[in-house]
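A short reminder: the numbers here are calculations on the coordinates, not readings from a lab. Here the structure is a predicted model, which is why all the values come from computation and not from measurement. All Cβ positions, even for glycine, are placed from backbone atoms using ideal geometry, and neighbour counts span all protein chains on display.
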Amino acid sequence: MNNIIANTNVSRRSVLAGLAGLGITGAVVSITGCSSDGGSGAGGNVLNISLASSPSNLDPCRYTGVYESQVIGCVCDTLVTYNMDLTEIVGCLATDWTVSDDGLTYTFTLRDDVKFQPGEYQDGRTMTAEDVKYSLERSHAESAAQRLTMLDHCNVIDDTHIECVLPTPNAAFLTALTDTGNSIVPQEEVEGWGDSFGDHLIGTGPFKLDEFARDQQSTLSRFDDYWGETAKLDGVVWKVIEDTTQAANALFTGDVDMVTDLTGESLQTVKADSNYVVEDTEGLHVTYFYMNNVSGPTADQRVRKAILMSVKREDLVAAAYPYGGGSEACLPLPKGSWGYDAAVEEIVPAYDPEGAKALMAEAGYADGCSLTYYTSSTTTGVDVGTIVQQQLKENLNIDMEIQTLDWGAFSEITAAGECDIFAMSWTWYPDPYFFLNNLFSSDNLGSQGNGAGFSHPEVDELLKQAVLATDQEERAAIYKQALRKIVEYDPIYVYGSANVTTGMTPNVEGYVQRADKTVKIVGPNVNVSKTA
């Protein structure tokens, strides 16, 4: 890893001295582009937070990763939301709702005191049911990650009542509505800005977007006409610092107050310094590489299985989490999900290079083959990819080229199904739908989740049955069957599960860590503040 801080017991003073010697202080300033009070657009009591990768697009319909969702979630609201421990869905823009006996119609009562932030094409008007209809139907039709496929249409009853109609019952519908991709936005702003709406995002949330400087930072300021509890902060600045060491250094220099995705030696460095606080929580997360199921050598299941049998999981875990912050995993569903089945672990292929060579020969690749492995441009991604590259060469004579891309380009190529292998992670809610349906349903072909082309009728049928069931125990039983079927096709190599790790200064107060990785600044039972 580049620019590692060698001494895990290093003090803040010695880090500052080291930074000056390495010239890193200047690098951090150039990345953030502002002082520790948040810079232009958000003066005063401002919380500065690092992001491990640059948001690509802040339009809720266009976002593809957690980096965008953190910013969108500060600016926008959804109809409903999860409580902070992810055990219950509670009202947000909707105060209550009913579901028809056939499970097809959800009727929501909306708040009547919600204002949009003022923008270029409206002056901060009241949100109505027409805005909900527009936003949800737009998400259904245009979402880059197909986040609302289960919706058919919406019927406006009056300004504060709306029906959402589904073509078939779907037990995950309310959970889908909690996603920031289904935030409520004003039509005139979307249409007025066109493709650049994400650069000028308008919503109903506790903060308004003052500036989106791609690859640098997103500057937010408090929205004083927010319908909920007024934010205690004057603003929030999300700063892009991709290198985890530089992010930790920014915490030590006071350039940021919080570091998200704190990993590697930097995690231990911050933990070892009593001047800082580290929240380390088991996450609803899996990290993996997904193999093309449609074209190229990996379209042959024997090749996929051989690859699974030729890479040591413990080596990848050691590379991904050398200083803690994660654990070994082997199934494409986190252990914290109520659909997890430990019995399925037994059918995951074990490390067996000799058996793998026999499978490759049987598939016609006795002399190996060439593959391209895509990963986002993070140090950990390259470290893990390098181990995969070395072990596939050594065990199967596979020549694997590693391609690193920024998040926007990576999202585009993975969704297009053009990768032999792509590496990424997936984090979402406890409901198995948001892992198994998104990653393995034929309905999600062409999305980033199922960019590998996995498509099998018996899996699709089980996934459909699971969303038709209303009892959670029944749904869990069906998802366990689907999980087993998926693993039997050897489509994916899951090796780890990352914790949610956040480092912060002690003057950050009221922060509640969530297992789904969402950084909630203002919401149910949370309103983060910052002391002087």
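Of all lysines in the structure, the ones whose alpha carbon falls short of 28 Å from that of Lys271, not counting any fewer than 8 places away in one chain, are Lys232, Lys239, Lys335, Lys517, Lys520, Lys530. For Val236, the amide hydrogen comes within under 5 Å of the amide hydrogens of Leu47, Leu220, Ser221, counting only partners 5 or more places away or on other chains and with H modelled in the peptide plane. Remark: the stretch 192-203, residue by residue, has Karplus-estimated 3J(HN,Hα) of x, 7, x, 5, 9, 4, x, 7, 9, 4, 10, x Hz, where x stands for each Gly or Pro and the curve is 6.51 cos²θ - 1.76 cosθ + 1.60 at θ = phi - 60°. Projecting the Cα positions of Ser274, Ile402, Ala231 onto the charge dipole of the chain (unit charges on Cβ atoms of Lys, Arg, Asp and Glu, taken about the Cα centre) puts Ser274 furthest along the positive direction. Ordering Cys61, Cys330 from the fewest to the most neighbouring beta carbons within 10 Å gives Cys330, Cys61. Summing +1 for each Lys or Arg and -1 for each Asp or Glu among the other residues whose beta-carbon sits under 15 angstrom from that of Leu166 gives -3.
The residues Met84, Met309, when put in order of fewest to most other Cβ atoms within 10 Å, stand as Met84, Met309. As a proxy for reagent exposure, Ser218, Ser310, Ser196 were ordered by neighbouring Cβ count within 10 angstrom, fewest first; the result is Ser196, Ser310, Ser218.
The average projected area of the stretch 354-414, computed from the convex hull of its Cα atoms over all directions, is 4.4 nm².
Computed over neighbours whose Cβ is under 13 Å from that of Asp243, the net charge equals -3, Lys and Arg +1, Asp and Glu -1.
Summing charges over neighbours of Lys271, with a neighbour being any other residue whose Cβ is under 11 Å away from its Cβ, gives -4 when K and R count +1 and D and E count -1. Which lysines does Lys464 reach when only Cα atoms under 20 Å apart count, and residues fewer than 8 places away in its own chain are ignored? Result set, ordered by chain and number: Lys480, Lys485.
Charge dipole of the chain (Cα centre as origin; +1 on each Lys and Arg Cβ, -1 on each Asp and Glu Cβ, all else neutral): 1300 debye, rounded to the nearest 20. Coupling constants for the stretch 303-308 follow from the phi torsions by the Karplus curve (6.51 cos²θ - 1.76 cosθ + 1.60, θ = phi - 60°), and in residue order they are 5, 4, 5, 4, 5, 4 Hz; glycine and proline get x. Rounded to the nearest Hz, the phi-derived 3J(HN,Hα) couplings of the stretch 519-532 under the Karplus curve 6.51 cos²θ - 1.76 cosθ + 1.60 (θ = phi - 60°) are 8, 9, 8, 9, x, x, 6, 8, 7, 5, 10, 9, 7, 5, where x marks glycine and proline. Largest first, the extents of the alpha carbon coordinates of the chain on the three principal axes equal 67, 66, 38 Å.
For the stretch 80-189, a crude dipole built from +1 on the beta carbon of Lys and Arg and -1 on the beta carbon of Asp and Glu, taken about the Cα centre, is about 220 debye to the nearest 20. Less than 5 angstrom separates the built amide H of Ile157 from those of Ile162, Glu163, all sequence-distant by 5 or more or on a different chain. Residues whose amide H falls under 5 Å from that of Lys530, counting only those 5 or more places apart or on a different chain, are Glu509, with hydrogens built in the peptide plane.
Within the stretch 80-189, the percentage of alpha carbon pairs spaced more than 17 angstrom apart rounds to 54%. Eigenvalues of the alpha-carbon gyration tensor of the stretch 363-510, scaled by 5 and square-rooted, set the equivalent ellipsoid semi-axes at 29, 25, 14 angstrom, largest first.
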